[in-house]
Amino acid sequence: MWDYTEKVMDYFLHPRNIGEIADAEGIGEVGNIVCGDAMKLYVKLADDKKTIADVKFQTFGCASAIASSSALTEMLKGKTLADAAKLTNQDIADFLGELPEEKMHCSVMGMEAFQAALIDMHKKHPDWNVPVVIEEEGENRIVCQCFSVTEARIREAIKTNHLTTVEQVTHYTKAGGGCGGCKPDIQEILDDINGNKKKSSDDSAAARPPSQLTNLQKIALIQSTFDDIIRPGLKADGGDAQLIDIDGNNVMVKLAGRCASCPSAIQTLKHWVEAKLREKVSGALNVVEVK
Amino acid sequence: MNEQDIIYVDNNATTAIAPEVFAAMEPFLTTWYGNPSSPHPFGSRCAKVMVQSRKAVAELIGAEPEEIIFTSCGTESDNAAIMSALETQKGRRKIVTCAVEHPAVLSTCHFLQKQGIHVDFLSVDHQGRINLDEARAVIDDDTALVTVMWANNEIGNLYPVEELAAIAHEHGALFHTDAVQAVGKIPINLRQSQIDFLSLSGHKLHAPKGVGVLYRRRFTPFLPYLIGGHQEHGQRAGTENVASIAALGKAAELAMEHLRDEQCTVKALRDRLEQGLLASCMDPVVNGDPEHRLPNTSSICFKYIEGEAILLRMYQAAHICASSGSACTSGSLEPSHVLRAMGLDYQSLHGSIRFSFSRYNIQDEVDTIIRVVPPIISALRDLSPFGRK
């Protein structure tokens, strides 16, 4: 079990500001039940529409998620939106004394909920000059499929907390903590921000599949990728799949075992099976589910 | 915190050392520190206690003393059986196991997959049960070993190991079972089975940590995992952990004496807990196979809330020590592989709590849990954005 500070335990056992605000100007929702933590934050402004009058929250998650959420509500109350927008996840951790590094993603979730509430407020009241951080174009791509973490969130966490390793990024954002398939992508983002030189492009070119495959080669490569990588991967989680047919660039796949009844089967097919086939065989492939 | 204040219901994680067990091992940590291989009587005293322990462990599982190999833990026993089977079954390149195995088996199989061994993972249904027809379909003449646990540590399910051993033998494969959770909790008689290897662990049955056993059926081919001296008839090198082996012998004797209690008093505590919590908590779901389950284990999911939060509040309220399959208790980010393999819905997956009893638990403790837990569940439900009316 984790070693929490007294303040974390206090905010976990006696959380302040639980609940909903019916007439909140901004509501931020982040996370989901699949990922294991989620938070809903209600922000109510004073009559000046600049100062935060009241904040309430609902959180699904572990002790540090609940404590971080509650701490955030206390920190936000009475602040102007402009001052509140300057807070970082590190401020939540400092307020609580300390969070175990593996739990830093709980503080990040808090800040994301507040940012989501600001965006919600801005959408409802574009004339209020709500200090919204607009995400840069192109950074909204999802890097970690398991936990739906965008590139923008990873970049934000790296910059705010001066992260240097993939493991740290996982602790702060959860990205890379599921199947681990996106770890090379996270490393690339880290290298980009921290200014490390990329490996020579020759290495990556050598690992890429040949772009010109004959039909027969393509089918054989799809079959072997399916048997050697995809099925063992699915079986490790109690699932399975069957390669039904290949028609041009369409690969017909039937899910079996646990996968057949899994609520995230489509994600598995699109984000994992298709991604693997594209990586190993050809970027043009599409996976089509056959029932 | 006082140790007498603790309500310890996490006996599938580890157990208290029984006072009689401690008394049996202590002389071998102090007075009789000899090496059992030594030729002098001081060493022979240690060799003698090992003979007694071997006999007691053999009796507990219905085996012969010469079929008992002392190891350092359950994991070592599992590893030794799996690696040996691949070595001795030359030409066979396949292992059949199950999706809900303990990491001692599962991670070893994943490691072997990377070495080119074909591994089939038997799937489980919503109650965590395997299907013998699936086993019959995948076990073939290329299979070196079938390894399926006797009892699951998280949900307590019992698996049809005797039937699986027979199927394995029809194809000339060996059969191993990780019985770490089963030994001492249910009657086991290996003489009436075809099981080739069985792993057990001392600290799950009131002996200390750091001692285990690999049962190897007589004439089953075997190659040692640890290579070195001649200890354990050349089957497991390394100077014997005499004190812990003495302890395990005593623990086995006690387990034999108390085997009936497991089915009666321990089971009654477990059932009382389940009835109490099912009657008073919001949306509880009992996991596993109600028909074939260890008598001491109860795995319950509480919807829309998270396991670590429940555990910490239980401890704060009454020093209750249980465990959870939630990701936040394991240091990983993904919840229990067992519950996921069972296809539990996500509302329940993160809020599982395992209570596991021993003969040292009493009814007062169960009643405290039944009193303390329901308000915790409803308080956390009030905090949760999900499952609201």
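The table for this structure:
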{"read-out": "From the C-alpha gyration tensor of the stretch B:128-259, square roots of 5λ in Å", "value": "27, 20, 12"}
{"read-out": "5 angstrom amide H check on A:Val288, placed H, neighbours 5+ away", "value": "A:Val251, A:Met252, A:Val253"}
{"read-out": "When each of B:Lys209/B:Lys303; A:Lys103/B:Lys185; A:Lys7/B:Lys185; A:Lys77/A:Lys124; A:Lys254/B:Lys185 is checked by Cα-Cα distance, pairs over 31 Å", "value": "B:Lys209/B:Lys303; A:Lys103/B:Lys185; A:Lys7/B:Lys185; A:Lys254/B:Lys185"}
{"read-out": "Trypsin sites (Lys or Arg not before Pro) restricted to the stretch B:124-230 and DSSP loop, no more than 16 other C-beta within 10 Å", "value": "B:Lys209, B:Arg218"}
{"read-out": "On Cα atoms only, tilt of A:151-161 relative to the major axis of chain A in degrees", "value": "50"}
{"read-out": "Angle in degrees between helix B:103-114 and the longest Cα principal axis of chain B, rounded to the nearest 10", "value": "70"}
{"read-out": "Residue-averaged beta-carbon neighbours from other chains (10 angstrom radius) around B:323-329", "value": "4"}
{"read-out": "Cubic angstrom per residue, convex hull over Cα atoms of the protein assembly as shown", "value": "187"}
{"read-out": "Neighbour-limited loop hits for chymotrypsin sites (Phe, Trp or Tyr not before Pro), the stretch A:1-86 (at most 16 other Cβ within 10 Å; DSSP other than H, G, I, E, B)", "value": "A:Trp2"}
{"read-out": "Interchain or long-range residues, amide H under 5 Å from A:Thr150's placed H", "value": "A:Val143"}
{"read-out": "Per DSSP, loop trypsin sites (Lys or Arg not before Pro) in the stretch B:65-101 with at most 12 further Cβ within 10 Å", "value": "B:Lys90"}
{"read-out": "Beta bridges per DSSP with both ends in the stretch B:62-192, % antiparallel, nearest 5", "value": "10"}
{"read-out": "From the C-alpha gyration tensor of chain B, square roots of 5λ in Å", "value": "36, 28, 17"}
{"read-out": "Cα-based Rg of chain A normalised by 2.2 N^0.38 Å, two decimals", "value": "1.18"}
{"read-out": "Principal axis dimensions, the stretch B:213-339 - Cα atoms, whole angstrom, descending", "value": "58, 38, 30"}
{"read-out": "Vicinal HN-Hα couplings computed from phi for the stretch B:226-242 (Karplus, 6.51 cos²θ - 1.76 cosθ + 1.60; Hz; Gly/Pro x)", "value": "9, 10, x, x, 8, 4, 6, 6, x, 9, 7, 6, x, 4, 5, 7, 4"}
{"read-out": "The protein assembly as shown, dipole about Cα centre (Lys/Arg Cβ +1, Asp/Glu Cβ -1), debye to the nearest 20", "value": "600"}
{"read-out": "Per-selection metrics, the stretch A:142-198 (Cα): Rg and Dmax in Å", "value": "9.9, 28"}
{"read-out": "Sequence-separation-based contact order of chain A, relative, with Cα cut under 8 Å and 6+ spacing, percent", "value": "12"}
{"read-out": "Longest DSSP-loop-exposure-free segment, GluC sites (Glu not before Pro), chain A, at most 15 other Cβ within 10 Å", "value": "A:140-291"}
{"read-out": "Vicinal HN-Hα couplings computed from phi for the stretch A:218-227 (Karplus, 6.51 cos²θ - 1.76 cosθ + 1.60; Hz; Gly/Pro x)", "value": "4, 4, 5, 5, 4, 4, 6, 4, 5, 6"}
{"read-out": "0 to 90° range, to nearest 10: angle between helix B:41-61 axis and chain B longest Cα axis", "value": "50"}
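A short reminder: the numbers here are calculations on the coordinates, not readings from a lab. Bear in mind the structure is a predicted one, so any value in this text is a computation, not a measurement. When we count neighbours, we look across all protein chains shown, and the Cβ atoms used for this are built from the backbone with ideal geometry, even at glycine.
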